[in-house]
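Following: one structure in structure tokens, then a few remarks.
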Amino acid sequence: MSDNASQTARIAAMAQLDEAMVQVALGRVHAAGQDLREVLAVDMHLSFMQPAAGPLVATAQVVGGGKTMVFCEAQLRNAEGGVVAQAMGTYRAQRP
């Protein structure tokens with residue numbers, strides 16, 4: 001894989017993991033009755049575990065937080081269920 005293709009794959013993995021965590025963070029914020037809120041990434045740590053091949057699926061879960069800060073974890077898995085990348089993120093809820 002060329003350097004450009006490899007960089008593009010890493011960026012795509014990061015975007016998938018971020019989007020998965022944004023969705024669960026929004027779910028947490030809206031479940032707490034905080035309407036008209038958005039979440040912004042404050043911090044994100046990303047680990048690449050193995051080369052990505054084939055279709056990938058991102059899953060995420062909320063692991064903590066309060067009214068304005070939400071802590072999440074996400075995994076990016078290949079078709080065989082192997083973890084390709086994982087991330088931890090902190091998201092802040094705020095009005096748009």
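Hey, could you check region 73-96 for residues that are within 18 Å of GLN34 (Cα to Cα) and of a type outside the set (S, T, N, Q) and say which is modelled with the lowest pLDDT? Applying the filter and picking the extreme gives PRO96. Could you tell me whether GLU19 is at pLDDT 90 or above and either within 15 Å of ALA87 (Cα to Cα) or within 13 Å of the chain's Cα centre (by Cα) (or both)? Yes, satisfied.
Across region 1-52, what is the number of residues that are in a loop (DSSP other than H, G, I, E, B) and polar (S, T, N, Q)? Full working, then the answer.
Initial filter on region 1-52 (in a loop (DSSP other than H, G, I, E, B)): 1-2, 32-37, 49-52.
Narrowing the set further to residues that are polar (S, T, N, Q) leaves 2, 34, 50.
Number of matching residues: 3.
Listed by first and then second residue, the pairs with beta-carbon distance under 8 Å, at least 6 apart or on different chains, first residue in region 46-69 and under 15 Å from ARG28 (Cα atoms), second polar (S, T, N, Q) and not in a strand (DSSP E or B), are ALA60/GLN23; LYS67/GLN34. GLU19 meets all of the listed conditions (1) without any contact (Cβ under 8 Å) to a residue 24 or more places away in the chain; (2) acidic (Asp, Glu); (3) surrounded by 11 or more Cβ atoms within 10 Å (Cβ to Cβ) but one, namely (1).
Of the residues making up region 34-50, just one is surrounded by fewer than 12 Cβ atoms within 10 Å (Cβ to Cβ), charged (D, E, K, R) and modelled with pLDDT under 95, namely ASP35. When region 22-59 is filtered for residues that are more than 9 Å from the chain's Cα centre (by Cα) and small (Gly, Ala, Ser), the ones remaining, listed by number, are ALA25, GLY27, ALA31, ALA32, GLY33, ALA41, SER47, ALA52, ALA53, GLY54.
The values are calculated or read from the model by the stated rules, or taken from the named source; none is laboratory data. These numbers were taken from a predicted model, which means no experiment stands behind them. Note: ideal-geometry Cβ built from the backbone for every residue, glycine included; neighbour counts use all protein chains shown.
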